[in-house]
Amino acid sequence: MSETRSDGELLRAVAGDGDRRAFEELYRRYAPWLTARMRSRCADPGVVDDVVQETFLAVWRGSARYRHDGDVAGWLWRIGSRRLVDVLRGDGARGRLRQALARLRHRDEVSAEERVLAGVEHGDLAGALVRLSPELRAVLQATVVDGLTTREAAVLLGIPPGTVKTRAMRARRQLREALA
């Protein structure tokens, strides 16, 4: 029976030795999770599959370097979310982005992040978040939960960067007032 290697050990084996088995194990651990998370941001399964593949390809090729200063899932999410923004920036992607966002805005299911945010029990944060408009919540989710820059959030949400900043400021103000 073989021991299960830690994420750090797997990444060191991939980066140092080009260890294919280590890479495959890392992929098995994180690809389903990353795919599910990407699907909450993009309704086009083809784009999601491409982004997940590009994310792991960056890991394999070494263009994405893990600095051992956070968890691997968060690191992979940052790579993947930025790749998703890059894909959606493409010429034909603007139309796909608008369609995907429209489907996401009108869907009945709640994303995993929305469920987590709604379940937060610190003061009345859950209630305050629920009372925010969908536009303000989307900006908070993109910039705070997903860690995207203002510019990346603007591309993802299909709004100007100034609007992202204004909505983020309004959301923070409303949260402060609700929690005061």
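Quick note: the coordinates plus some simple rules give every number you see, no bench work behind them. Just so it is clear, the structure is predicted and the values come from calculations on it, not from any experiment. No Cβ is skipped: glycine too gets one built from the backbone with ideal geometry, and neighbour counts run over all protein chains shown.
Of note:
- Theoretical gain in end-to-end length, R176 to R28 [0.36 nm per residue, Cα-Cα removed]: 49.2 nm
- Per-pair calculated FRET efficiency, R0 = 22 Å: Q53 and R21 via Cβ, rounded to 0.05: 0.70
- Taking label points 7 Å from Cα along the Cα-to-Cβ direction, S133 and V145 give a separation of 1.9 nm.
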